[in-house]
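Report on the structure given below.
The values are calculated or read from the model by the stated rules, or taken from the named source; none is laboratory data. Note that the structure is predicted; figures quoted are calculated from it, not measured. All Cβ positions, glycine included, derive from the backbone under ideal geometry; neighbour counts span all protein chains shown. Protein only, heavy atoms only, side chains kept; ligands, DNA and RNA dropped before computing areas. Shrake-Rupley method; radii C 1.70, N 1.55, O 1.52, S 1.80 Å.
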Amino acid sequence: MRSKAVIGNWKLNGSLASNEALLKALLREVPRGGPVACAVCVPAPYLAQARALLEGSGLGWGAQDVSRFGKGAYTGEVSGAMVAEFGARYAIVGHSERRAIFGDSDAVVAEKYAAARRAKLSPVFCVGETLEEREQGRTEAVLARQVDALLERCGAAELDGGIVAYEPVWAIGTGRTATSAQAQEAHAFIRGRIAGKDEPVAAKLPILYGGSVKAANAAELFAMPDVDGGLVGGASLVAEEFAAIWRAAGAANHKGA
């Protein structure tokens, strides 16, 4: 059975006080030893706080991005090794907001994935199409381009220990959500694309859904055979909602989904 995960992406949100309240509330909701991994990816300045509050608990933590560079004259960058020093396990790479707003190309995202692996982090590699691309019938072409860039740079074997997140861009922060059938179709395509290079790696690769996941739709999404959890945005800022999503993933896992 593939490992499952629910990972929160706080984006550009948080403060020392609000973080403490949220993390302490989550600690009450998410016990150690649960059937599904649970983690939060926080803004880089809060990695130390996350470690202080979460170390030894059932909650993991990570970063929302890493530099493709290891060190040097790259003002403003944060390396994978720096993130790892704070006990982080995860690093998101290629989120649609990084691609669209900050210009991260497929090649740059692949370099960031490689940098995260060098730092012994588990990269959460994000892929997904825009509404225009979906309406033009180009969803699979876009996913293939994004996945192939990673496979060409890193090789399929490097996906062993990583995570993929399918995030239909048109469903992020819009309140719209892909139907469970749409999510399954995209996840199956991604897994099949990777299986073309390495079937055993593809078979055990966790693929998360990342488009406006909420407690109300989590169970239906997580029941799909190729949906292995969620990359959760806004809902991860509400402890009860995020915990409910995590529990839905656990219930689906128990049923063998």
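Numbers below:
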item: Inverse of mean 1/r across different Cα pairs in the stretch 148-257, Kirkwood, Å; result: 14.3
item: Stokes-Einstein diffusion coefficient of the chain, Kirkwood radius over Cα pairs, 20 °C, 1.002 mPa s, in µm²/s; result: 119
item: Peptides ranked, highest mean first, by Cβ atoms within 10 Å: ranges 53-63, 36-46; result: 36-46, 53-63
item: Choice from Gly33, Gly230, Gly14 with maximal GNM fluctuation in the chain (Cα, 10 Å cutoff); result: Gly33
item: Within straight-line cross-link reach of Lys197, lysines at Cα separation under 25 Å, skipping those fewer than 8 residues along the same chain; result: Lys4, Lys112, Lys120
item: In Hz, Karplus ³J(HN,Hα) per residue of the stretch 140-156 (6.51, -1.76, 1.60; θ = phi - 60°; x = Gly, Pro); result: 5, 5, 5, 4, 4, 4, 5, 5, 4, 4, 6, 4, 5, 7, 10, x, 4
item: Per residue value of the accessible surface for the chain (all protein chains in place, 1.4 Å probe), Å²; result: 43
item: Gaussian network model of the chain, Cα within-10 Å springs - most flexible of Leu205, Leu27, Leu237; result: Leu27
item: Near-label residues of the stretch 60-98 by backbone N, under 16 Å of a point 7 Å along Cα→Cβ of Ser105; result: 68-69, 94
item: Bridge type composition, the chain - antiparallel percent by DSSP, nearest 5; result: 0
item: Two-site FRET efficiency, Arg176 against Ala251, from Cβ-Cβ distance with R₀ of 22 Å, rounded to 0.05; result: 0.35
item: Pairs of Cα atoms farther than 26 Å apart, the stretch 1-131, %; result: 22
item: Cut-off under 5 Å, modelled amide H: who pairs with Val30 long-range; result: none
item: Directionally averaged projected area (convex hull, Cα atoms, the stretch 64-181), nm²; result: 8.1
item: Of every Cα-Cα pair in the stretch 126-212, the percent that sits beyond 24 Å; result: 16
item: Compactness relative to 2.2 N^0.38 Å, alpha carbon Rg of the stretch 108-170; result: 1.17
item: Stretchable slack from Arg32 to Ala144, in nm (0.36 nm times residue separation minus alpha-carbon distance); result: 36.6 nm
item: Residues whose placed amide H lies under 5 Å from that of Gly233, excluding near-sequence neighbours; result: Asn9, Ser212, Val213
